[in-house]
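The values are calculated or read from the model by the stated rules, or taken from the named source; none is laboratory data. Because the structure is predicted, anything quoted here is derived from the model rather than measured. Neighbour counts run over all protein chains shown; Cβ positions are idealised from the backbone, glycine included.
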Ligand code: ADP
Ligand code: MG
């Protein structure tokens, strides 16, 4: 049937995306919250991979947007997790994986990434999945899991596991193998899901302390949680290291001109600068540019081994459904679409090398399938 064909098409598309190491973008529209009940819904899911945003003033036609997946108010945390689960196997296999939540304050980023005790979000679920994979392979390999948590506020990187002495002004470095690390940062080794959850909780608690001392609201800084998994094969002693970087980004809203002065303006400019730097890196990657401007910001510097190359990236664009947020929703959807549009352009231009490479991949897949059948 048509549904089945659509599902197959999507799976095929996702597989190709996997091979291309491209950036996947998922949109999630949250339900209206209590105080919004009088506000009209203008952003709605159309299909498994598209949504539309209506102009609340009805001056323009509503605009469709397409993404790799679209979630709406009926989607559960489990639904979202099940579309992201495979990223954990990638990290276990030694790849670097990055997940972002992008969108204006109140759009549902923290709900998507962390959720709450009653309804945990992606990070605790991915963490649980990681330990179940580790268990599954414990007869042949031994894994160590370490995590660290940083807040990036106005160009200042703060280690949330060392908020007291010397936790500020940390330096981002690269080791000889090209892996990024933060000099003098502390990490925590965790042995099971409860220990990992405790580490998240502790970091969050320290974030509030740090936020108060720096006078920042949590929505105005980036929260970066990093899980490193180091797996040693018991027989060969070979070690593979994978990394999951989970970013709950600062709110993407622009300040209103009337409010923009002094510190508020500086803070907004700093957030804007970091999100543009991230957008520029993603654009360079999707365009296959020779130069990727990782060095333009600490955010992209920190992610430079986890965006592009063999790394896998997933961006959530979180959307409020109501008319009063339509302008910011449009801006966020535009940002997220930038990556997708450029990808499409590459396909249209039939970038011959890329096409040849993918054909080869498909050929190999085909012969592997044939072999499996024999
Ligand atoms: P952000 O982190 O983007 O500022 P939050 O995740 O804090 O936004 O979400 C704002 C509010 O909306 C919170 O009260 C949150 O619980 C609620 N919310 C967000 N997404 C959902 C969802 N998918 N289902 C139910 N409530 C949600
Ligand atoms: Mg938040």
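Considered as a group, the residues in the stretch 27-49 that are in a strand (DSSP E or B) and surrounded by 14 or more Cβ atoms within 10 Å (Cβ to Cβ) include one that is farthest from ligand 2 (Cβ to nearest atom), and that residue is 46.
Taking the stretch 239-355 as the region of interest, the helices (runs of 4 or more DSSP H) fully inside it that hold 2 or more residues being under 25 Å from residue 28 (Cβ atoms) and at pLDDT below 90 are 262-286, 326-348. Taking the numbered list (1) more than 15 Å from ligand 2 (Cβ to nearest atom); (2) within 25 Å of residue 329 (Cα to Cα); (3) modelled with pLDDT under 95 in turn, residue 116 passes all entries but (1). Answer yes or no as to whether residue 75 is modelled with pLDDT under 95 and either outside any loop (DSSP other than H, G, I, E, B) or within 12 Å of ligand 1 (Cβ to nearest atom) (or both). So residue 75 does not fit the description; no. Determine, yes or no, whether residue 127 is surrounded by 22 or more Cβ atoms within 10 Å (Cβ to Cβ) and within 16 Å of ligand 2 (Cβ to nearest atom). For residue 127, the condition - surrounded by 22 or more Cβ atoms within 10 Å (Cβ to Cβ) and within 16 Å of ligand 2 (Cβ to nearest atom) - is not met.
Exactly one residue among 123, 88, 80 is outside any loop (DSSP other than H, G, I, E, B), away from ligand 1 (no atom under 13 Å from the Cβ) and touching a strand residue (DSSP E or B) at 6+ places or on another chain (Cβ under 8 Å), and that residue is 88.
Note on the stretch 97-107: among residues that are over 12 Å from the mean Cα position of the chain (by Cα) and surrounded by fewer than 24 Cβ atoms within 10 Å (Cβ to Cβ), the one that is farthest from ligand 1 (Cβ to nearest atom) is 104.
Of the residues making up the stretch 203-217, just one is modelled with pLDDT of 75 or more, surrounded by fewer than 19 Cβ atoms within 10 Å (Cβ to Cβ) and farther than 18 Å from residue 99 by Cβ, namely 205.
As for the stretch 54-66, it holds no residue that is under 24 Å from residue 313 (Cβ atoms) and within 16 Å of ligand 1 (Cβ to nearest atom). Number of residues in the stretch 91-113 that are closer than 23 Å to residue 43 by Cα and part of a loop (DSSP other than H, G, I, E, B): the value is 6.
Please state which one of 148, 143, 138, 132 is in a helix (DSSP H, G or I) and either farther than 30 Å from residue 40 by Cβ or in contact with a strand residue (DSSP E or B) (Cβ under 7 Å, 6 or more places away or on another chain) (or both). The match here is 132. As a summary of the residue check, residue 225 satisfies the conditions (1) within 16 Å of ligand 1 (Cβ to nearest atom); (2) modelled with pLDDT under 95 except for the one numbered (2).
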